[in-house]
Amino acid sequence: MSDEYNQQNTPLEAQSSETMSGSSGTPSKDIDYVRPAEIPEQDLYHGHSFITKWVFCQDAKIIGVQYFLTAVFTGVVGLILSWLMRLQLGYPELVPFITAEHYYQFVTMHGMIMVVYFLTALFLGGFGNYLIPLMVGARDMVFPYVNMISFWMFFIAVCVLMASFFVPGGPTGAGWTLYPPQAILPGTPGANMGIILMLISLSLFVIGFTMGGLNYIITILQARTRGMTLMRMPLTIWGIFTATALAMLAFPALLVSCIMMTLDKLLETSFFMPSILQAGEVLSYEGGSPVLFQHLFWFFGHPEVYIVALPAFGIVSDLISVHARKNIFGYRMMVWAIVGIGGLSFFVWAHHMYVSGMNPWFGFFFATTTLIIAVPTALKVYNWIITLFKANIRMNTVMLFCLGFIVTFVNGGITGIFLGNVAVDIPLSDTYFVIAHFHMVMGIAPLMVIMGAVYHWFPLVTGRMLSEKLGKWHFWFTFLGAYSIYFPMHYLGFIGVPRRYFEMYDSPYVTSAVGMNEFITLAALIVGFSQLIFIYNIVTSLKIGKPAGKNPWKANSLEWLTPDVPPTHGNWGEKLPVIYRWPYDFNVPGAKEDYITQTTPPSEVINAEVEKT
Amino acid sequence: MDDTINLTFWIGGGVFILVCLFMVYCILKFSYKEGRKVEYKPEDHKLEKILTIATTVGVIALLAPGLIVYNNYINTPKNALQVEVNAWQWGWQYRLPGEDGILGTAQVAKITDDNPFGMNLDDPNGKDDILIQDDVLHLKTDRPVKILLRSLDVLHNYYVPQFRAKMDAIPGIISYYWFEPNKIGEYEVLCAEYCGVGHYAMRAKVIVENEDNYENWIKEQETFSDLIAKQENNKLKTTLVAQNND
Ligand code: HEM
Ligand SMILES: [Cu+2]
Ligand SMILES: [Cu+2]
């Protein structure tokens, strides 16, 4: 093997050393100089039949759309489940078929679907696949075949998950955290087939996701086009990259806990199961630790929050910059913040476990690490809003969703400081305050970004614009509606209403919550239905939307600069693009236009006083 | 505890409002106009430094008092009364240490109909333990209580919203927390850790009362030796009945 490798390698080496000396010898002569490629291009697999082109497809863009649509489908299921829960909470016993068993099954499936199958798959599988090769200037992912398998594993995982609705006993009702011992004991709905299918589905998801994730990471590290240095990548890519790296490190913890729990269930091992008394009899388990599961789960679960949040951070930075016609403020700080938050997110998991009965001394450590994360997170917020300062803000739908994101995220971030600070968390944990917090920070805020991103990139994917008028209606319904749902929940949490309660009965101190619960339910229904505006907008715009043409937003980043719009297989036609700058050169003094694309060589904008970043 | 919540509320709320106002200002002042002069300043190290330091200071100001309060929360006062809470799907029972002030050891595996708390029969400390097979717990005012939590099956959490404190009960482990009730009255206990379909119905009651009423209540309760004696008695009776029948 080594012989062959050397032979292949020598000419390349010679070539690169030549260019190195060339560049160091005469650096200032040619301002358009970019290091030549070190690796020759490889041809892609070209599908010809319908099946290889559209079904078992190896084009990352189509895989991205496949991921997107599948994830949206699960999201709709999750949304419908949330309506059913809200109906029960707002109007108890109005819908006769919602029993306590069903309620808990809905809560569980809603939570798991939204976090894993909807948001994670949507951001990384959907946006990641579509945008990574385009934004870094690659023709495709580095392993297109593995990428295709990744999607189909995800698809099977979703099928298994949905199948659990139809097995005897129904889906699991263990809560999305699946805490043992209850998850696999008969006191919980779906404790047989339901939980087993859930564990299998999650395992499949992790396996499929690992294939995709390796692809994203390696593509970003290895397949960037000439001139695309790491510090010239759009923040979207930084967000997706870091999130994927987190996923690669965090999902194994989920996988092992799923496997162990499956063994506990099927073979009666005792990884997580101590001696337990059920219906007057002591079960055969002995000596396992339920808290161990919680550590494993949250070692995955907390980074998971950032797996959803970091791509959202990245995407929103790019959207803000493009639509405010101004460079993102403090790009390098933003990159380090993303990487720093990602790294720190592995040291905070036990803030979900302050009242779990773990050694209370852990509280000091985890409260401190958690509040440390608040610093880079706050810096990101400052940078977003400073970007708006002295900018030229287009108040279009995309920008509205970005602003909506900032408001929601700041709100959720501040409630996060409550919950991270262990002493404050103790009264609030497991109440509706927590529900409000995480829905703000990882439910609504990322959704705002997703919607903004759809309005932003729809023209790229389909070649047509979405209707601005409908978009604005959609935004206001969603934003105000979401606030009506979750803002009152903070209050419910302060008065102590616990989460995962099928019914409050007439607890003395929650009488003030009854009216509020009805209001929240109405708002939830309205928000849900207002998404029909969005769907209507998408469907009609596909046919009659205004043709987008090339680069309708006057953006700088590469995905808008493909020879064909929408981009075709292989993305770049004959020649790969060459990159001369970062993607944020908006309104550079001395430049004629208010934007300079990443592929514009310095010689074409000779007067522009570009700062080197 | 409420003070730290309030502090966080006002600082957090202030930051939230400031951010929103700043955004509104930007939107009004800098909305799109053809040819508007836009600032081009990719970085501003001084500003970034100031913001970093200010945020760090703010975060420390919130964290430090929080940690001090937490330190009090995990260090139980010496004079705290001990109460063991037993949780199961789906209900509660209690055990008090009796006159010697020490709870006897107990195990899930030892639980039988005759020994509902799984008490260790060889442990002398357990003999005078007061067993309360009922979900109503009485407490004295102005006396700290240390709650020791045991679970017989899955996770539960003994939570009285008005007392602020909570902690999971875990099978196989004894966890604890403490609080000091200082207002006479009846309180509802809610289970605050999901424990299966009956979770929402897993309620109980705490009655906080003055010293005298509390002592009266204690006197009426049964100790473990009482329970054993009663059972022996019953057994005797049943054997007698059986013998008579012969
Ligand atoms: C209109 C949108 C939504 C509504 C009305 C809604 C409503 C609810 C409700 C009522 C609960 C159960 C509260 C309880 O009884 O404890 C819940 C739980 C949850 N939701 Fe949502 N939700 C929505 C969107 C989302 C999104 C986008 C996410 C994604 C992060 C999400 C994640 C969760 C999670 C993780 C839980 C916890 C499940 C559990 O306790 O096991 N939700 N939601
Ligand atoms: Cu977390
Ligand atoms: Cu419970």
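Structure above, values below:
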item	result
Test for A:V116: is it in a helix (DSSP H, G or I), within 16 Å of ligand 2 (Cβ to nearest atom) and either in contact (Cβ under 8 Å) with a residue 24 or more places away in the chain or more than 14 Å from chain B (Cβ to nearest Cβ) (or both)	yes
The stretch A:425-441, residues that are within 15 Å of ligand 2 (Cβ to nearest atom) and under 16 Å from B:L63 (Cα atoms)	A:D425
Residue, modelled with the lowest pLDDT, within the stretch B:28-62, restricted to residues that are closer than 19 Å to A:D594 by Cα and of a type in the set (A, V, I, L, M, F, W, C)	B:V38
Residue satisfying condition, being assigned to a helix (DSSP H, G or I) and either within 7 Å of chain B (Cβ to nearest Cβ) or under 21 Å from the mean Cα position of the chain (by Cα) (or both), within set A:F405, A:F365, A:F433	A:F405
The stretch B:108-130, residues that are within 26 Å of A:G187 (Cα to Cα) and buried (at least 19 other Cβ atoms within 10 Å of the Cβ)	B:V108, B:I111, B:F117, B:G118, B:M119
Residues of the stretch A:465-520 that turn out to be more than 16 Å from ligand 2 (Cβ to nearest atom), outside any helix (DSSP H, G or I), within 14 Å of chain B (Cβ to nearest Cβ) and not aliphatic (A, V, I, L, M), as a count	9
Subset tally (residues that are facing chain A (nearest Cβ under 7 Å) and more than 29 Å from A:Q278 (Cβ to Cβ)) for the stretch B:144-164	2
Matching residues in the stretch A:304-341 - criterion: being under 20 Å from A:A445 (Cβ atoms), crowded, with 24+ Cβ neighbours inside 10 Å and of a type outside the set (A, V, I, L, M, F, W, C)	A:E304, A:Y306, A:P311, A:G314, A:S317, A:D318, A:S321, A:H323
Qualifying residue in the stretch A:298-315 (condition: away from ligand 2 (no atom under 11 Å from the Cβ), within 14 Å of chain B (Cβ to nearest Cβ) and in a helix (DSSP H, G or I))	no
Condition check for B:L67: away from ligand 1 (no atom under 16 Å from the Cβ), outside any loop (DSSP other than H, G, I, E, B) and over 22 Å from the mean Cα position of the chain (by Cα)	no
Test: residue in the stretch A:542-554 that is assigned to a strand (DSSP E or B), out of contact with any Phe, Trp or Tyr (no Cβ under 6 Å at 6 or more places or on another chain) and at negative phi	yes
Residue within the stretch B:143-153 that is within 16 Å of ligand 1 (Cβ to nearest atom) and among the β-branched types (V, I, T) present	no
Checklist (1) within 23 Å of A:P427 (Cα to Cα); (2) touching a Phe, Trp or Tyr at 6+ places or on another chain (Cβ under 8 Å); (3) more than 16 Å from ligand 3 (Cβ to nearest atom) applied to B:R95, failing item	(1)
Test: residue in the stretch A:418-428 that is within 16 Å of ligand 1 (Cβ to nearest atom) and either at the interface with chain B (Cβ under 9 Å from one of its Cβ atoms) or more than 21 Å from the chain's Cα centre (by Cα) (or both)	yes
Filter pass, B:T105 being surrounded by fewer than 16 Cβ atoms within 10 Å (Cβ to Cβ), at the interface with chain A (Cβ under 7 Å from one of its Cβ atoms) and out of contact with any strand residue (DSSP E or B) (no Cβ under 7 Å at 6 or more places or on another chain)	no
Residue satisfying condition, being more than 16 Å from ligand 2 (Cβ to nearest atom), outside any helix (DSSP H, G or I) and either under 26 Å from the mean Cα position of the chain (by Cα) or modelled with pLDDT of 95 or more (or both), within set A:A157, A:A174	A:A174
Residues located in the stretch B:19-75, provided they are within 7 Å of another protein chain (Cβ to nearest Cβ) and aromatic (F, W, Y)	B:F22, B:F30, B:Y32, B:Y40, B:Y70, B:Y73
Candidate set from the stretch B:171-193 (those that are outside any strand (DSSP E or B) and touching a Pro at 6+ places or on another chain (Cβ under 6 Å)); member that is farthest from the other protein chains (Cβ to nearest Cβ)	B:E180
Residue check, A:M451 under 26 Å from A:L403 (Cβ atoms), away from every other protein chain (no Cβ under 12 Å) and within 15 Å of ligand 1 (Cβ to nearest atom)	yes
Condition met for B:E211 (in contact with a Ser or Thr (Cβ under 7 Å, 6 or more places away or on another chain) and away from ligand 1 (no atom under 16 Å from the Cβ))	no
Failed criterion for B:Y200 (all others in (1) in contact (Cβ under 8 Å) with a residue 60 or more places away in the chain; (2) in a helix (DSSP H, G or I) hold)	(1)
Test for A:I240: is it surrounded by fewer than 24 Cβ atoms within 10 Å (Cβ to Cβ) and part of a helix (DSSP H, G or I)	no
Residue check for B:K219: free of Cβ contacts under 8 Å to residues at least 24 places away in the same chain, loosely packed, with under 14 Cβ neighbours inside 10 Å and away from every other protein chain (no Cβ under 13 Å)	yes
Some residue of the stretch A:65-79 being within 16 Å of ligand 3 (Cβ to nearest atom) and either within 14 Å of chain B (Cβ to nearest Cβ) or out of contact with any Lys or Arg (no Cβ under 7 Å at 6 or more places or on another chain) (or both)	no
Where A:P171 falls short, out of the listed (1) in contact with a His (Cβ under 8 Å, 6 or more places away or on another chain); (2) under 17 Å from A:V160 (Cβ atoms)	(1)
Residue satisfying condition, being within 7 Å of chain B (Cβ to nearest Cβ), assigned to a helix (DSSP H, G or I) and within 30 Å of A:H474 (Cα to Cα), within set A:L400, A:L319, A:L371, A:L379	A:L379
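Residue by residue, here is whether (1) of a type outside the set (G, A, S); (2) within 30 Å of B:A165 (Cβ to Cβ) holds:
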site	(1), (2)
A:K469	yes, no
A:F475	yes, no
A:S484	no, no
A:M489	yes, yes
A:M516	yes, yes
A:L542	yes, no
A:K546	yes, no
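The values are calculated or read from the model by the stated rules, or taken from the named source; none is laboratory data. All of these numbers come straight from a predicted model, not from anything done at the bench. Counting neighbours? That spans all protein chains shown, and the Cβs are built from the backbone with ideal geometry, glycine included.
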